[in-house]
Amino acid sequence: MASSVNVLGVEFYPVTKAGAYNSLEWMLSRNDKITRVVVTANPIMVMTAQKDPQFMDILSRADLLVPDGVGILWAARKLGKRLPERVTGVDLSLYLLRRKPAPRIYLLGGRPGVAEKARLNVQREIPGARICGTHHGYFGPAEEGTVVGSIRSAKADVVLVGMGSPRQEKFIWAHRKSLGAKLAIGVGGVLDILAGESKRAPEIFQRAGLEWLYRLAREPRRLRADLKLLEFFFKVQFLAAFCKKEPEAASGEADHEFR
């Protein structure tokens, strides 16, 4: 197996989609009442972890961490390593929703009504999918116990948590021994996509690694968050130059592909 690559303090292993799916299968086979933590990490999350030691610790101790973002693959190449492919929250969510036999899945996150709309869409479009419960993500610390109780009562196997990072990962980590599920994944805006509230970037943007630009054009309020991409880009460039590593960039791949 190829070696891992440390991207600004976050260790990424060369996992493929198939390898990630195999890891999910292993987690679903466990019966020890501990929820395994799955993180889909992108450059903005890596930059957030630079100033958040608790979040950095979660990233380092997650049961599965995959590169959700072309920027992570780009950074690995700049640092002289290679990660085989991007593995997104959408990929993992759809794999679990389409899996046979179907696990019991709880949808947590989004504005009030979004998770329920996602449930209705999933049940219409993916026959056999088992959504055992939903809850919006607009709750405070005092309500966390109630939400955890709802997930536990629903006897969920999987919890898809779309509350934004790092909140979603911190929620999963804090309650991983109480949820009763076999695994939980921080999926960001996936529930909005399932609900039809937002759309993925067109495939041409996905192939070019420019989903960040598509989202920024549609949601200018994202500018502040996306400025972290530039910081990520320059930090990786500096680190690569400092370490005097040659990137293993494939022919025709450009440095603008960093999301």
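In whole angstrom, how far apart do the alpha carbon centroids of segment 144-177 and segment 32-111 sit?
Value for the Cα centre distance between the two parts: 15 Å.
Within a 10 angstrom radius of the beta carbon, how do V161, V114, V122 rank from fewest other beta carbons to most?
Ranking V161, V114, V122 by Cβ neighbours within 10 Å, fewest first, gives V122, V114, V161.
Starting from the Cα of K17, step 7 Å along the direction of its Cβ; do the same at A174; then give the gap between the two resulting points in nm.
For the pair K17/A174, the computed spacing is 3.4 nm.
From zero outward in steps of 10 Å, how is the percent of C-alpha pairs of segment 5-203 spread across the bins?
9, 37, 38, 14, 1
With 10 angstrom as the radius, rank D52, D32 by how many other C-beta atoms surround their C-beta, starting from the fewest.
D32, D52
Run the Debye formula on the Cα coordinates of segment 110-188, all scatterers equal and no solvent, and tell me log10 I(q)/I(0) at q = 0.14, 0.20, 0.21 1/Å.
Summing over Cα pairs of segment 110-188 leads to -0.43, -0.91, -1.00.
Pairs to check: K17/K78; K51/K155; K51/K117. Give those whose C-alpha atoms are more than 26 Å from each other in this structure.
With Cα atoms farther than 26 Å apart: K51/K155; K51/K117.
Counting other beta carbons within 10 Å of each Cβ, put L160, L179, L8 in order, fewest first. Walk me through the numbers before you get to the answer.
Details: L160 29, L179 25, L8 16.
Final ranking by Cβ density, sparse to dense: L8, L179, L160.
Work out the FRET efficiency for L120 and R167 from their Cβ-Cβ distance, taking R0 = 25 Å, and round it to the nearest 0.05.
My answer for the efficiency is 0.50.
Quick check: residue separation of N6 and T146 times 0.36 nm, minus the Cα distance between them. What number comes out in nm?
Difference between extended and current length: 46.6 nm.
Tell me the label-point distance for the pair S29, Q50, using the 7 Å Cα-to-Cβ offset, in nm and rounded to one decimal.
The modelled label-to-label distance comes out at 4.0 nm.
Counting only DSSP beta bridges with both residues in segment 5-203, tell me the antiparallel percent, nearest 5.
Just about 10 percent of them are antiparallel.
Computed from the coordinates by the stated procedures, all read-outs in this text should not be read as laboratory data. A quick note: this is a predicted structure, and the numbers were derived from the prediction, not measured. Ideal geometry is used to build each Cβ from the backbone, glycine not excepted, and the neighbour counts take in all protein chains shown.
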